[in-house]
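Undergrad: Sharing a structure, written as structure tokens. Questions coming.
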Amino acid sequence: MKAIKHLFIGLLFAGSLTSCYDLLDETPKDFLTPENSYTDKKGFESALANIYKDIRNNFYANTDSWENYDLMGVDVDLNGPRPSADTYREYFYWNTLNADNGFAKKWWRRFYSYIYSCNVIIDRAEGTNVKWVSEQEKNAICGEAKFLRAFAYRFLGNMWGNAPIVLKETTAPQFNYKSASQKEIYKQCKDDLLFAIQWMPDIDDQKGGKASKVAAQHLLAEILIALKDYEGAVEQATAVINNPAMSLMTERFGKLKDFTFEGYDYQGEQEPWGDVYWDLFREGNFNRIDGNKECIWNVQFDVALDGGGNTGKSGGNFVMERYFGTKWWGLKDADGVSNWLKDILGGRPIEQISVMDYAATQIWQYKGDWDRDMRNSKYNMKRDYYWTNPESRFYGQQMTEENLGDKSELFRITQPTFMKVVTAKHHGQFFDSQSGEGHDNGRIYKDWYIMRLAETYLLRAEAYLLVGNKDAAAKDINAVRQRANATPVTAADVNLDLILDERARELSMEDFRINTLMRMNKLAEYLMKYNPKVIQAGYKLGNHLNKLPVPNSEIEANKEGGLIQNEGY
């Protein structure tokens, strides 16, 4: 595979340099090489930290672009690129998707880059030059690497189905990789995760931002569902849910629990603002040290630290606030007066990703819960936008079609913004030229969830459903819904679509939606039910879209054959 081949060129070059030192009977001590980097726990921890950094940056902050978030339902059912009122722009071009697709190539290579790095750690942990304090210390490092390897293979299994299993460090060019079946990939994930669960530290013994035994159990629950071991999945999810260190957050918590705000019209008196769901997504509230017992695994960002992912005046590339949400602040009223960008709870979105109707409207109408479900409250879904320029005669009034200057911009003030992506108190590294208000240019200086306990409940509900225990499935779904003040569901309500709806309500912009739909073999169905571009164009999509194509470039680089292209491509 070209991806792996590219990765080991640098290693071979380093090896050629160190061979010269061998001939001269010298050992390099003043710079890092593969030989002197993996000699003790500290060196291996640095290698693991680099994988975490790559996951953080690749999934969330690789570039100043909405494409950072293409795993999260973009051009699927939750949201999509929308340059105008008339249409969503296609990202995948589902009716013509082929093996030259850039998304497939990008993520295939990223996942194998993580696998390569994990294999280096696992193999070199057995080196005779490594000074381990104990076998337990070594196994804990290898367990973490195997967890991260399983995390990567989980996506390959769900999204491609057929892909090579590579378990050894690649040290020479290879052109005969063989595709393994989806089941074989899942079994490898299971083996890695069982080892990880045995040796990884528990969640209170692990540093923030790093995965723990609990994360491995959560991931194994998903893998066992894929392997149709539903009782095993229930067992693993239950171990997470019943862990004394874990619980859903049901009371206000964190640094902004007493936050006050005058409302989106920016008028009147300050009032208490937020709820416990709002608290879950406030800066400084994501970690266990902050009192958050729901977070299983998150990525770490820090505005003040080099390497923190969001540093300096440039602001970094964690730009969810910038790309999700409507550009209400950039519009003009019926008199041609420009609106103002306001600092607090306004954000500075440029609206390159718009919420689709399924996520904006349909899921919130369930059981008449529009005004009841906390996740759809004014704190968490901003649906009303106001004129904020004191020079406008509409100052303080809601923005409507009647007072909007350009009626074609109506969609910008009638679609919601998920407030989980908006920072409540901006750092003010930037200033709006018109209003003079400080803002963050759409950057969010907070951590983000990869795994959260609410998802564990929904995974266990899925396993219960598939094993035939709808009563238990309903109970788990209701654990999540109860926290949101939503109407309880009954056993008769429970099916996979309900679980996917609940995932959309609870985990939007956290769940890797395309991965979830592919795991459930639901992608093609959901595209035709909920994707407005697919519906508008009348595409009749085949079930082959439930898996991505193996990139042509990888098949071509594997000169001796062995990579199997998925059916339909």
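Undergrad: List the pairs whose first member sits in the stretch 428-450 and is assigned to a loop (DSSP other than H, G, I, E, B), whose second member is among the aromatic types (Phe, Trp, Tyr) and open to solvent by 20 Å² or more (accessible area, probe 1.4 Å), and whose Cβ atoms are under 6 Å apart, counting only residues at least 6 apart or on separate chains?
TA: 435/340; 441/430
Undergrad: Testing residue 135 on (1) out of contact with any Ser or Thr (no Cβ under 9 Å at 6 or more places or on another chain); (2) open to solvent by 10 Å² or more (accessible area, probe 1.4 Å); (3) touching a residue at least 60 places away in the same chain (Cβ under 8 Å), one condition comes back false. Which one is that?
TA: (3) is the only condition that residue 135 fails.
Undergrad: Cβ-Cβ under 9 Å, sequence separation 6+ or interchain: first residue in the stretch 324-338 and over 26 Å from residue 68 (Cβ atoms) and in contact (Cβ under 8 Å) with a residue 60 or more places away in the chain, partner part of a helix (DSSP H, G or I) and open to solvent by 40 Å² or more (accessible area, probe 1.4 Å). Which pairs?
TA: What qualifies is 332/409; 338/330.
Undergrad: Also: Which of the following residues is open to solvent by less than 10 Å² (accessible area, probe 1.4 Å), without any contact (Cβ under 8 Å) to a residue 24 or more places away in the chain, in a helix (DSSP H, G or I) and not β-branched (Val, Ile, Thr): 492, 461, 504, 524? I'd like the intermediate steps shown before the answer.
TA: Values: 492 fails: open to solvent by less than 10 Å² (accessible area, probe 1.4 Å); 461 fails: without any contact (Cβ under 8 Å) to a residue 24 or more places away in the chain; 504 fails: without any contact (Cβ under 8 Å) to a residue 24 or more places away in the chain.
None of the other options fit; the residue is 524.
Undergrad: Continuing with the same structure: Return the only residue of 237, 226, 221, 211 being at pLDDT 95 or above, over 30 Å from residue 339 (Cβ atoms) and open to solvent by 20 Å² or more (accessible area, probe 1.4 Å).
TA: Values: 237 fails: open to solvent by 20 Å² or more (accessible area, probe 1.4 Å); 221 fails: open to solvent by 20 Å² or more (accessible area, probe 1.4 Å); 211 fails: open to solvent by 20 Å² or more (accessible area, probe 1.4 Å).
Result of the check over 237, 226, 221, 211: 226.
Undergrad: Next question, about the same structure. Would you pick out the residues in the stretch 507-521 that are open to solvent by less than 10 Å² (accessible area, probe 1.4 Å) and in a helix (DSSP H, G or I)?
TA: 507, 513, 514, 515, 516, 517, 518
Undergrad: Can I ask one more? With in contact with a strand residue (DSSP E or B) (Cβ under 9 Å, 6 or more places away or on another chain), surrounded by fewer than 20 Cβ atoms within 10 Å (Cβ to Cβ) and among the aliphatic types (A, V, I, L, M) as the only criterion, which of 165, 203 stands out? Spell out the reasoning first.
TA: Numbers: 203 fails: surrounded by fewer than 20 Cβ atoms within 10 Å (Cβ to Cβ).
Exactly one of 165, 203 is in contact with a strand residue (DSSP E or B) (Cβ under 9 Å, 6 or more places away or on another chain), surrounded by fewer than 20 Cβ atoms within 10 Å (Cβ to Cβ) and among the aliphatic types (A, V, I, L, M), namely 165.
Undergrad: Among the residues of the stretch 422-436, is any farther than 21 Å from residue 373 by Cβ, modelled with pLDDT of 95 or more and not polar (S, T, N, Q)?
TA: no
Undergrad: Of (1) touching a strand residue (DSSP E or B) at 6+ places or on another chain (Cβ under 9 Å); (2) under 30 Å from residue 460 (Cβ atoms); (3) open to solvent by 40 Å² or more (accessible area, probe 1.4 Å), residue 294 satisfies all except one. Which?
TA: Result: residue 294 passes all but (3).
Undergrad: While we're looking at this one, here's another question. Within the set of pairs 6+ apart or on separate chains, which have a first residue in the stretch 196-211 that is at negative phi, a second that is among the β-branched types (Val, Ile, Thr), and C-beta atoms under 7 Å apart?
TA: Qualifying pairs under 7 Å: 202/214; 203/214; 208/289.
Undergrad: Give me the residue from the stretch 399-419 that is in contact with a helix residue (DSSP H, G or I) (Cβ under 8 Å, 6 or more places away or on another chain) and not in a strand (DSSP E or B) and, out of that set, nearest to residue 281 (Cα to Cα). Break it down stepwise before answering.
TA: As a first pass, look at the stretch 399-419 and keep what is in contact with a helix residue (DSSP H, G or I) (Cβ under 8 Å, 6 or more places away or on another chain): 399-401, 404, 412-413, 415-416, 419.
Adding the requirement that they be not in a strand (DSSP E or B) leaves 399-401, 412-413, 415-416, 419.
Numbers: 399: 27, 400: 29, 401: 32, 412: 24, 413: 23, 415: 21, 416: 17, 419: 9 Å.
Here the residue is 419.
Undergrad: What number goes with the only condition from (1) in contact with a Gly (Cβ under 8 Å, 6 or more places away or on another chain); (2) open to solvent by less than 10 Å² (accessible area, probe 1.4 Å); (3) in a loop (DSSP other than H, G, I, E, B); (4) closer than 30 Å to residue 204 by Cα that residue 351 does not pass?
TA: For residue 351, the exception is condition (4).
Undergrad: Conditions first: (1) surrounded by 15 or more Cβ atoms within 10 Å (Cβ to Cβ); (2) touching a residue at least 12 places away in the same chain (Cβ under 8 Å). Residue 395 passes all but one, so which condition is the exception?
TA: The one condition residue 395 does not meet is (2).
The values are calculated or read from the model by the stated rules, or taken from the named source; none is laboratory data. This structure is a prediction, so every number in the text was calculated from the model and none was measured. All Cβ positions, glycine included, derive from the backbone under ideal geometry; neighbour counts span all protein chains shown. To get the accessible areas, we keep the full protein, side chains included, count just its heavy atoms, and leave off ligands, DNA and RNA. Shrake-Rupley method; radii C 1.70, N 1.55, O 1.52, S 1.80 Å.
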